[in-house]
Structure formats: structure tokens, C-alpha cells
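Reading through the C-alpha cells given below for one structure.
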């Protein structure tokens, strides 16, 4: 019998290997679309979000103006501090998190010298959430479409002790049933 910790590590390993493949495949980069994967164990959620930067920042080039630098900084901070899924009672807290993207807020960038026009930039967010009461909850919510209007569709896939599932949320939808 496999332990819960070994199961979680196996799940996360499988989930985190997918974005590397997607990042290498230009056809996988769809503006307005993002993917979130969840590994659920008890009251813990391990989360991976991959999105084109345009969905989050409104652009995919290095920031050129003070306003664009502020947008990148503010969105990056929000993504690192805010639980990207939560119980209906809002019990989740971020225990660990990271936000990775190529658009460093303090990087001076000359688009003509480096040719960043037409490039695709992605954002990858990982979080470990502690969600008291999750093991009794049948649904989760996400604040992503409310915070980022450029996000038209969010594909959510999850796996946990009670099985797996997937759903595509439109911009107007913010909650989904786990199907337990």
C-alpha cells in the first residue's frame, strides 16, 4: 500500500512535468486560456497554474512603462499571496508558493535589440494550500476570473484520494464541484 506522502509526491511529479512540455509547444499557448492542476490530500492542496502572461498582465513583453512595471509587481505579489482555490468558507491559506515568469519588473529591456515582439511569455504559479474543512467540502472557488478579466477559460484538473476530475470554467464561473 502506498503512503499518502508518496502518493502526493507521485501526483505532483506527474502534474509538474506537464507544463515543461506545454511551454515547449507553441500550440499550447492560448491567449484567454489557462490551466490549473490540483493534487488534494486531506486538508492540503498542491496547485499548479500555467497561463499566458497576457491573461494576467495584459501584455507579454518586458514592462516598458512605470504603469506596466506596477502591473507586473502587483499581479505577481497577488498570485503569490492569494489562495488560487478556496473552500466556500474561505478557509485556505498559502503555506508555500512561487510565481515564475520571464517579465522581471526591474529589468530594462530593449525590444528591438532583443526582439521580444511576438514572443509568448507564460506565468507559472505553484502553491501549497492548507484548507481546514476541505475534506468535508464538495466544491472549491477560484478568484482568478474576477481578478484577471483577460482570463476567458480556466481548465481545472484535480486528483485526490476520492478520484479525479476536470472542468472548464468560463469567465463568469468561479466555483466547481469536486465530484466526490
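Quick note: the coordinates plus some simple rules give every number you see, no bench work behind them. Model, not experiment: these values are computed from the prediction. Every residue, glycine among them, receives a Cβ derived from its backbone with ideal geometry; neighbour counts consider all protein chains shown.
What translational diffusion coefficient, in µm²/s and rounded to a whole number, does the Stokes-Einstein relation yield for the stretch 127-174 at 20 °C and a viscosity of 1.002 mPa s, taking the hydrodynamic radius as the Kirkwood radius over Cα pairs?
174 µm²/s
Under 18 Å from a point 7 Å along the Cα-to-Cβ line of residue 91: which residues of the stretch 129-164 have their amide N that close?
129-142, 160-162
Please work out the FRET efficiency for the pair residue 136 and residue 168, using the Cβ-Cβ distance as r and a Förster radius of 35 Å; give the result to the nearest 0.05.
0.85
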